[in-house]
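Asks: Before I ask anything, let me first share the structure, which is written out below as structure tokens.
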Amino acid sequence: MNIYDLRKLANKEEIDYPFLLSALKRYHQPRNKIQAFLKAGDLIRIKKGLYIFGERAREVLYSKEILANLIYGPSAISLEYALSYYGFIPERVDVMTSITNNQNKHFHTPVGDFDYNFLSSKKYSFGITQIELTPTKYFLMAVKEKALADLLMLRVEKFSTEKSLHAHLVESLRIEESSLKELDYKIIAKLSSLYKNKNVTLLQHVLDSYYA
């Protein structure tokens, strides 16, 4: 089997070790065939047991978002990367940031860095949505309200007043006032109740002021 046959059989760019063993089962030593593909650059190892196709056989660009879900789990993209993806913050974010109900982890891979941040299962599970790339390809990401709440709880200093938090949102994070007003209040209120975090509670108060 050549690399093009393997890519046709996979029908996607992101593949795992069990798939490779199954696809190469007619070989007496499939591991040797995998090593040959790796040496030729036809497969790229992202981490142990997870691969993408090299440029020669690649048909479409691999998805870093899908890889983020596969590298470590359970996990969902959140924090800075999610906010940038939604256009909520202006900065481009290169590190793929995720939340997990497993321990904190960081992976340096041939396609970039992947950062995983712990949240308890109760906090982790609320506010995750499925983003569809194609009818058969999707990844898990926090909704923008959760991504912002995660950022305020995990990354940002604790603020004491609604005014100081608001200043941080619009001046440091450079979030547009109009974007804040578009946040779903019910989701923020639920997150405030779940997280029991001062910054997230202050965010709810910021939204309260828009409707006062």
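The values are calculated or read from the model by the stated rules, or taken from the named source; none is laboratory data. No experiment lies behind these values; they were computed from the predicted model shown. Here Cβ is always computed from backbone atoms with ideal geometry, including for glycine, and neighbour counts include all displayed protein chains.
Each row is one residue, and each column tells you yes or no for (1) in contact with a helix residue (DSSP H, G or I) (Cβ under 6 Å, 6 or more places away or on another chain); (2) over 30 Å from LYS47 (Cβ atoms); (3) of a type in the set (Val, Ile, Thr); (4) in a loop (DSSP other than H, G, I, E, B).
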{"position": "ASP113", "(1), (2), (3), (4)": "no, no, no, no"}
{"position": "LEU133", "(1), (2), (3), (4)": "no, no, no, no"}
{"position": "ALA147", "(1), (2), (3), (4)": "yes, no, no, no"}
{"position": "PHE159", "(1), (2), (3), (4)": "yes, yes, no, yes"}
{"position": "SER193", "(1), (2), (3), (4)": "no, yes, no, no"}
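Asks: Of all residues in segment 1-19, how many are in contact with a Phe, Trp or Tyr (Cβ under 7 Å, 6 or more places away or on another chain) and among the aliphatic types (A, V, I, L, M)?
Replies: 3
Asks: All but one of (1) out of contact with any strand residue (DSSP E or B) (no Cβ under 7 Å at 6 or more places or on another chain); (2) within 23 Å of GLY54 (Cα to Cα) hold for PRO110; state the number of the condition that does not hold.
Replies: (1)
Asks: Every residue in segment 22-55 that is touching a Gly at 6+ places or on another chain (Cβ under 6 Å) and either among the polar types (S, T, N, Q) or farther than 18 Å from ASN11 by Cα (or both), please.
Replies: GLY41
Asks: Can you give me the ranges of the strands (runs of 3 or more DSSP E) entirely in segment 65-111 with at least 3 residues that are in contact (Cβ under 8 Å) with a residue 40 or more places away in the chain?
Replies: Output list reads 75-77.
Asks: Being exposed (fewer than 12 other Cβ atoms within 10 Å of the Cβ) and either closer than 17 Å to GLY73 by Cα or touching a Gly at 6+ places or on another chain (Cβ under 6 Å) (or both) is the filter here, so list the residues in segment 99-128 that pass it. Give the steps one after another, and end with the answer.
Replies: Here is the first cut: in segment 99-128, the residues exposed (fewer than 12 other Cβ atoms within 10 Å of the Cβ) are 103-104, 106, 108, 110, 120-122.
Hits for segment 99-128 are GLN103, ASN104, HIS106, HIS108, SER120, SER121, LYS122.
Asks: Shifting gears a bit: Taking the criterion of being closer than 19 Å to ALA68 by Cβ, at pLDDT below 95 and surrounded by 13 or more Cβ atoms within 10 Å (Cβ to Cβ), would at least one residue in segment 129-137 satisfy it?
Replies: yes
Asks: Filter segment 169-190 for residues that are over 17 Å from TYR210 (Cβ atoms), part of a helix (DSSP H, G or I) and under 24 Å from the mean Cα position of the chain (by Cα); which is modelled with the highest pLDDT?
Replies: LYS190
Asks: Additional query: Given the options LYS190, LYS181, name the one that is more than 27 Å from TYR116 (Cβ to Cβ) and in contact with a Phe, Trp or Tyr (Cβ under 7 Å, 6 or more places away or on another chain).
Replies: LYS181
Asks: Next question. Restricting the search to segment 53-64, which residues are aromatic (Phe, Trp, Tyr) and outside any loop (DSSP other than H, G, I, E, B)? Reasoning before the result, please.
Replies: If we filter segment 53-64 for residues that are aromatic (Phe, Trp, Tyr), which is where we start, we get 53, 62.
Residue satisfying the conditions is PHE53 alone.
Asks: Restricting attention to segment 1-46, which residues are touching a strand residue (DSSP E or B) at 6+ places or on another chain (Cβ under 6 Å) and either assigned by TED's automatic domain parsing to the domain that holds PRO110 or of a type in the set (Lys, Arg) (or both)?
Replies: ARG7, ARG45
Asks: Collect the residues in segment 11-43 that are of a type in the set (A, V, I, L, M, F, W, C) and either closer than 20 Å to LEU133 by Cβ or assigned to a loop (DSSP other than H, G, I, E, B) (or both), keeping them in residue-number order.
Replies: ILE15, PHE19, LEU24
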